[in-house]
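What follows is a structure written as structure tokens; I'll ask about it next.
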């Protein structure tokens with residue numbers, strides 16, 4: 001009788017450890033994929049700050065969609081008043097084409113999701129960390145060019161909706177977002 005009992009005990013023990021091994025293997029694979037994604041983001045962006053990379057990764061941004069990150073300031077300005085105007089949307093899509101984003105279907109899909117639904121402050125906060133890390137790694141001249149280009153694009157979106165009789169104006173909400181973006185780029 002003890003032989004049958006021993007066999008069943010051994011089978012139960014094997015099953016327990018097989019389940020444990022499977023769980024550990026799954027966790028290791030998940031850790032590897034996450035680490036691999038973060039490595040890809042680091043390579044694509046030149047950022048090595050783990051907190052910034054984790055924030056970007058947590059938003060579901062993949063290395064191939066990283067190009068869309070440069071458009072976040074434009075998206076933030078467009079959503080400043082709580083709605084996406086068609087002229088703002090068109091200005092952002094034009095900027096996306098100019099940046100080469102059109103060549104990446106995944107990045108374009110991510111951008112369109114941001115245009116369809118306000119992505120919220122978490123996205124802008126992650127972008128601010130991204131921008132700070134990027135600027136820290138650039139020469140002063142390159143950082144100045146980056147600041148200028150990002151703020152110029154954001155201002156274009158702010159004026160795209162037009163004011164009185166289609167003459168561009170910037171709302172108080174858009175102005176506040178522009179100031180916030182400018183401060184993040186200092």
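Please treat every number below as a calculation from the coordinates, not as lab data. Everything numeric here is computed off the predicted structure, so don't read it as measured data. Note that each Cβ is placed from the backbone with ideal geometry, even for glycine, and that neighbours are counted across all protein chains shown.
Taking a spot 7 Å from the Cα of residue 90 along the direction of its beta carbon, which residues of the stretch 121-165 have an amide N less than 12 Å from it?
Correct set: 160-162.
Next question. Which whole-number percent is the relative contact order of the stretch 43-184 (Cα, under 8 Å, 6+ apart)?
35
Still on this model: Using the Cα atoms as the points, what is the convex hull volume per residue of the stretch 43-184 in Å³?
Per-residue hull volume (Cα only) is 103 Å³.
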